[in-house]
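The values are calculated or read from the model by the stated rules, or taken from the named source; none is laboratory data. Every value quoted in this text rests on a predicted model; they were computed, and no experiment measured them. Heads up, the Cβs are rebuilt from the backbone with ideal geometry, glycines too, and the neighbour counts pull from every protein chain shown. Accessible surface is based on the protein model in full, side chains and every heavy atom, while ligands, DNA and RNA are left aside. Shrake-Rupley method; radii C 1.70, N 1.55, O 1.52, S 1.80 Å.
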Amino acid sequence: MAQDKVVIFDTTLRDGEQSAGAGLTVEEKLRIARQLDRLGVDVIEAGFAASSPGDFDAVRTIAREIRRPVICSLARAVPGDIDRAWEALKDAARPRIHTFLSSSEVHLLHQMRKDRETIMNMAVEAVKRARGYCADVEFSPMDATRTEPAYLYAMIQAVIEAGATTVNIPDTVGYTTPAEFRELIRGLFAKVPNIKKAVVSVHCHNDLGLSVANSLAAIEGGARQIEGCINGLGERAGNASLEEVIMGIETRRDHFKIGTSINTREIVPTSRLVSSIFGFPIQYNKAIVGQNAFRHSSGIHQDAYLKERTTFEIMEPERVGWRGDAIVLGKLSGRAGLRAKLKEQGYLLSEEELDRTFAAFKRLADEKKEVTGLDLVSLMEEQHRAADVTFAYTVDKVHVVCGNQQKPTATVRLVDSRGTATERTAEGTGPVDAVCKAIDGIAKLPVTLTEFAVNSVTEGIDALGEVTIRIEREGRVYAGRGSSTDIVVASARAYVNAINRMLMIVEQDEIATQRRAATAR
Ligand code: KIV
Ligand code: ZN
């Protein structure tokens, strides 16, 4: 199939959500899907509809609202999964069913416990069933890079004959190398007679840190769809980082002789949103989106850069969405300045939202001399967190007494959704522990805190601190985030956000399960 663009397939909401310690509400997935739409991705894999009632609801909600890109659901190569995927996708403007089945000897022997012929038939039947519902069907032979090439090619030929319109070659365990993978993809064009009837896709994991290199090598081999996740999220070490793949293609169009349809200026906002909602901070030196990615620190580099930018910069930061600091805000700034700065960061607010944000901004400006673009992003996300989970708790007061001569003690007051305020005091091993114990005394939900991390949003002693907390309950992990110039207050917000998200995810799962039971009756 001749193509002038590489299809960008985002699986942040499916493979990305398989990252250990992730878990999103339906509203959070929808916010990310809207941003992926602004970014211009061609396909959004919105989830795995058959895996849980909550995932089903998320796929269906996204399929109903997001109309431009293809919306896709994953499905194992079994009838029940394919039916369920279609049920979730049927209202989409452009639906796709993505069905998969293991193909490597090690998976057939130990995971599937089936022979090659049975697996081949299952693959063909799954694609035929999916095509019965939908004209756009993708098939993935899982663990393709450890599959005997002759069997892999025969399977690809058979599924295309059965109606697959995209054939995806996953490097499921991140095992291949760029040169080897390029040859495997070239082999498809040489050995599979009907290959031109389908789009060839790749899906690379990052176990050896090669996922982006392997994806780009696959383009050289003829692949025309790349799957990946924003910020490289995904199972284990993650998937190919989509922003790196996109900028690799775009920056080296001279080499790849092909481009994408991505609005690259939305990359940084998308990365920040995904980081904030998933609760996974971005490493400082991460390519494209890390906060050091466009900083020049050594004297020799700075000198040359100031003479001519291209001496040490291969991309313009603005091109990937880094926005300048033309306007600096402080406590004397007005609404017009705030509106302009928010616009620079990609936020367009209604008058009512601006009123609310202006009040929060004034409080922040009282604590901080200069309010930067990054501070405003953090402030906006804090507002979203508060609004997203209106049914549970908000932090009203935090008071701690601590030091090296006394037992840390915290008093916390939370307000619940009915407006009832409850206050508790508790002691702990440190101020944060005391705060969490006081919150436990109010929420009365047995949870275990498994992770606590603090990051500063900008530099300086008055910087905003962003706290990420993970809690565990009944084997599931929930993340929470909070920000404040006071890290103890940020910790209280993050802990309450984790509890709120847990309550919301559990409630959404229960509602979806009841709805499913009611329709089955
Ligand atoms: O890694 C993998 O093989 C997958 C498939 C389901 C495409 O995620
Ligand atoms: Zn995967």
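Students often get this wrong, so check it: of Lys90/Lys197; Lys397/Lys444; Lys196/Lys257; Lys29/Lys368; Lys397/Lys437; Lys307/Lys368, which have C-alpha atoms separated by over 22 Å?
Values: Lys90/Lys197 24 Å; Lys397/Lys444 18 Å; Lys196/Lys257 19 Å; Lys29/Lys368 32 Å; Lys397/Lys437 15 Å; Lys307/Lys368 34 Å.
Beyond 22 Å: Lys90/Lys197; Lys29/Lys368; Lys307/Lys368.
The calculated FRET efficiency for Arg309 paired with Arg64, based on their beta-carbon distance and R0 = 41 Å, is about 0.35. Entry note: segment 146-286 has Rg to Rh equal to 0.99, where both radii use alpha-carbon atoms and Rh is the Kirkwood radius. Can you tell me the 0 to 90 degree angle between the C-alpha axis of helix 373-388 and the longest principal axis of the chain, rounded to 10? Helix 373-388 and the main axis of the chain meet at about 80 degrees.
Surface exposure of the chain, expressed per residue as accessible area with a 1.4 Å probe, stands at 44 Å². log10 I(q)/I(0), Debye, Cα-only segment 23-180, no solvent, q = 0.11, 0.15, 0.16, 0.19 Å⁻¹? Each listed q maps to, in turn, -0.44, -0.80, -0.89, -1.13.
In a reduced charge model with +1 at each Lys and Arg Cβ and -1 at each Asp and Glu Cβ, the chain shows a dipole moment near 780 debye about its Cα centre.
Extending 7 Å from the Cα toward the beta-carbon at both Arg252 and Glu370 defines two label points whose distance is 3.7 nm. Each residue, Glu125 and Ala190, gets one label point 7 Å from its Cα in the Cβ direction; the gap between the two is 3.5 nm. A straight line joining the Cα centroids of segment 429-484 and segment 112-136 runs 46 Å. Annotation: Cα Rg of segment 436-489 relative to the compact-globule expectation 2.2 N^0.38 Å equals 1.30. Shown for segment 66-158 is the translational diffusion coefficient from the Stokes-Einstein equation, using the Kirkwood radius over Cα pairs, a temperature of 10 °C and a viscosity of 1.306 mPa s: 117 µm²/s. Entry for segment 106-173 at q = 0.19, 0.22, 0.24 Å⁻¹: log10 I(q)/I(0) = -0.72, -0.94, -1.09, Debye formula applied to identical alpha-carbon scatterers, no solvent contribution. Every Cα-Cα pair in segment 7-278 was counted, and those over 25 Å apart are 40% of them.
A simple spin-label model places the labels of Ile300 and Phe452 4.4 nm from each other, with each point 7 Å out along Cα-to-Cβ.
Based on the Cα atoms of segment 424-520, what semi-axes does the equivalent ellipsoid have, where each is the square root of 5 times one gyration tensor eigenvalue, given in whole Å with the largest first?
30, 16, 10
Convex hull volume per residue, computed on the Cα atoms of segment 159-206, equals 69 Å³. Summarised in one figure, the compactness ratio Rg/Rh of the chain, Cα atoms and Kirkwood Rh, is 1.00.
In terms of its C-alpha gyration tensor, segment 337-416 has an oblate overall shape, because the principal axis ratio a/c (a ≥ b ≥ c, square roots of the eigenvalues) is not below 1.5 and a/b does not outweigh b/c.
Report, to two decimal places, the Cα Rg of segment 357-511 normalised by 2.2 N^0.38 Å (N = number of residues).
Rounded to two decimals, the normalised Rg is 1.03.
The value of relative contact order for the chain, using C-alpha pairs under 8 Å at least six residues apart, is 11 percent.
In plain terms, the chain is cut at each of the GluC sites (Glu not before Pro) found in a DSSP loop with at most 16 other Cβ atoms within 10 Å, and the longest leftover piece is 1-307.
FRET efficiency for the Asn404 to Ala340 pair, using the beta carbon distance and R₀ = 60 Å, is estimated at 0.85. Across q = 0.11, 0.14, 0.15, 0.17 Å⁻¹, segment 293-436 modelled as identical point scatterers on its alpha-carbon atoms has Debye log10 I(q)/I(0) values of -0.67, -0.90, -0.95, -1.04, in the order of the q list. Derived value for segment 263-353: Kirkwood hydrodynamic radius 15.3 Å. Basis is the mean of 1/r over every pair of different alpha-carbon atoms.
Could you work out the local net charge near Thr450, counting Lys and Arg as +1, Asp and Glu as -1, over the other residues with Cβ closer than 12 Å to its Cβ? Local charge sum for Thr450: +1.
A Förster radius of 22 Å, combined with the Cβ-Cβ distance separating Thr513 from Val78, puts the computed FRET efficiency at roughly 0.60.
Report, in whole Å, the centroid distance computed from the Cα atoms of segment 176-222 and segment 253-322. First find each Cα centre; the distance between them is then 26 Å.
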